[in-house]
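In what follows, a single structure is set out as structure tokens and then discussed.
The values are calculated or read from the model by the stated rules, or taken from the named source; none is laboratory data. Source: prediction; values computed, not measured. A quick note on method: Cβ atoms are made from the backbone with ideal geometry, for glycine too, and the neighbour counts reach across all protein chains shown.
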Amino acid sequence: MHNEWLYIGVFLIVAGFIPVAALVLAWVLGPKKPNPIKQSTYECGIETVGESWVQFKAQYYVFALVFLIFDVETVFLFPWAVTLDKLPLFVVTEGIVFIGILVAGLLYVWRKGLLEWV
Amino acid sequence: MNFWTDPVNVAAEWLKDVFIGWGMTDPYATALVYLLGAFLLVALVMLLDVFLVWVERKVVARFQDRIGPNRVGPFGLIQPFADIIKLIIKEDITPAGADKVVYNLAPVLSLASVLLLWAILPLSALVYGVDLNVAVLYLVAAGALGTLAVIMAGWSSNNKYALLGAFRTVAQMISFEIPMVVVLLIPTILTGSMSLKTIVERQDIWYVVLTPLGFVIFLISAIAELGRAPFDLNEAESEIVAGFHIEYSGMKFGLFYAGELLHAFTFGGFMAVLFFGGYRFFGLEQIHPLVAVLILMVKALLGYWVIMWIKYTVPRIRIDHMLALNWKFLTPLAFALLVVTAVMHRLLGGTQPWVYALGLFLSNVVLLLAALEILRASARRQRRQEEAVLSAVAETAGH
């Protein structure tokens, strides 16, 4: 019996186990003497002012949104790429048209000025 | 099939028979063999990781005209073990107000995401974890987990610098995944399969010859994905101190550090597999499976060395330049390359191998020249506009 995904699952457990084991070992062997100064937020020697979970520039999220669209759509291209040799010419053309639509989306975002860092 | 020609599979079969002899049923015996195999592979990879710390420190020392660690053991080889002991017996500090679960999970995920990649890396024709038929997609998915670990670390630390690092990660590290995924489609097209083993076996001509531009795009986006200089804005020491791992100390920091080094080496390995013929080297790989593993390791080390070379040579880029490079240059170029490769592959599919290789190579060169020409023209136009604005300002000031 050869099950590929069983191996991946087993590997996932092992790959998670090694770092956890290292952390547990460090936790057992290390000293534990907490105090408020030691546990305070690091900020170059001065005390933190206000809340640390601040609201920040929305532009970072715009890039995340654009990324999301592209990443999901490029996944659709993988089946097309795998079978490119066997596909009829019509489907190959369709794939290229699909890439064209993706690039048109990029151009739209570009023209809207969302790719400028302000 | 004997132990000499195929050590790993023969040992696995033998072990499975032993377990079945002890009265286990087949599925449990298989799972146990898989568990032992995965454990062995991960243990070897972690041992490799320890020596990567030494390699990295030696190489950076040489780049900066120093000697590097040379006291502990011959050539300082035992130094990383001393570092590990120091990291393990350090106090485990969790900052007050941190989101404890996420804070402790992030370093684990950071290292685990890299270790997961080794499940699919074909070390030789017979020595590999598993030969998935969707390995290329798996590579992208496991790589994205590492980005998630960075975001988790930055968010949970309850620190403004760390949060800033996480925000930067959102904008950059994930942006560079687009050109990378698109470029990963190119070896898939050339091979007609997503299995890494098939990709290696079809590389009678290395794919770096067929698609040099694809390799360059993959190298750039891999470095950005790793968050290494010149794309290390998420941990920029001079601006946000250490970015996402500012609050981490002791073994938790050690896991981030080990994960980063291993990630770079692993990407060296994937560059070798996807573009440099993997474990194949002009028939040398047929001597013995372990020779093939050695060939792949040497190629991966060379790739790792190139990544280090870039890291210690190039200064950090500004965030707007970096995003412009990705979205306005690499992404359109990668899509253009994908279309050109698909068309050329269809057109030249049935011809002589050398015609096919030459056609693909030349189309890459032409595409690169065209892209650079467009870039130059647009830069010239922009400069002219800026000069016009400046001269207009100067004229108004003169009146």
Positions within the range B:177-216 being more than 8 Å from chain A (Cβ to nearest Cβ), in a loop (DSSP other than H, G, I, E, B) and without any contact (Cβ under 8 Å) to a residue 40 or more places away in the chain, in sequence order: B:Arg202
Qualifying residues in the range A:51-77 (those that are within 7 Å of another protein chain (Cβ to nearest Cβ) and among the polar types (S, T, N, Q)) - the one nearest to B:Asn159 (Cα to Cα): A:Ser52
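Taking the range B:84-110 as the region of interest, how many residues are over 13 Å from A:Leu29 (Cα atoms) and modelled with pLDDT of 85 or more?
Residues meeting the conditions: 10.
Taking A:Phe67 as the residue in question, decide whether it is among the aromatic types (Phe, Trp, Tyr) and over 30 Å from the mean Cα position of the chain (by Cα).
Here the answer is no, as A:Phe67 does not meet what is asked.
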Residue in the range B:46-61 that is touching a helix residue (DSSP H, G or I) at 6+ places or on another chain (Cβ under 7 Å) and facing another protein chain (nearest Cβ under 9 Å) present: yes
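Rundown of residues vs (1) touching a Leu at 6+ places or on another chain (Cβ under 7 Å); (2) surrounded by fewer than 21 Cβ atoms within 10 Å (Cβ to Cβ); (3) not assigned by TED's automatic domain parsing to the domain that holds B:Gly129, yes/no style:
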{"position": "B:Leu148", "(1), (2), (3)": "yes, yes, no"}
{"position": "B:Tyr161", "(1), (2), (3)": "no, no, no"}
{"position": "B:Thr169", "(1), (2), (3)": "no, no, no"}
{"position": "B:Val182", "(1), (2), (3)": "yes, no, no"}
{"position": "B:Pro187", "(1), (2), (3)": "yes, no, no"}
{"position": "B:Leu190", "(1), (2), (3)": "yes, no, no"}
{"position": "B:Met194", "(1), (2), (3)": "yes, no, no"}
{"position": "B:Val200", "(1), (2), (3)": "no, no, no"}
{"position": "B:Tyr207", "(1), (2), (3)": "yes, no, no"}
Conditions (1) at pLDDT below 85; (2) within 26 Å of B:Tyr207 (Cα to Cα): number failed by B:Ala397: (2)
Segments classed as helices (runs of 4 or more DSSP H), wholly inside the range A:24-118, with at least 2 members that are farther than 21 Å from B:Asp99 by Cα and of a type in the set (S, T, N, Q): A:59-75
Residue count, the range B:100-135 (criterion: within 8 Å of chain A (Cβ to nearest Cβ) and among the charged types (D, E, K, R)): 1
Residue list for the range B:31-44, filter: at the interface with chain A (Cβ under 9 Å from one of its Cβ atoms) and closer than 21 Å to B:Leu301 by Cα: B:Leu41, B:Val42, B:Ala43
For A:Gln39: the one exception among (1) facing chain B (nearest Cβ under 7 Å); (2) under 27 Å from the mean Cα position of the chain (by Cα); (3) at pLDDT below 85: (2)
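Within the range B:306-334, count every residue that is at the interface with chain A (Cβ under 10 Å from one of its Cβ atoms) and either of a type in the set (A, V, I, L, M) or surrounded by 21 or more Cβ atoms within 10 Å (Cβ to Cβ) (or both).
Number satisfying all stated conditions: 8.
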Test set (1) surrounded by fewer than 18 Cβ atoms within 10 Å (Cβ to Cβ); (2) in contact (Cβ under 8 Å) with a residue 24 or more places away in the chain; (3) more than 27 Å from the chain's Cα centre (by Cα) - B:Pro74 fails condition number: (2)
Flag for B:Thr5 being among the β-branched types (Val, Ile, Thr) and without any contact (Cβ under 8 Å) to a residue 40 or more places away in the chain: no
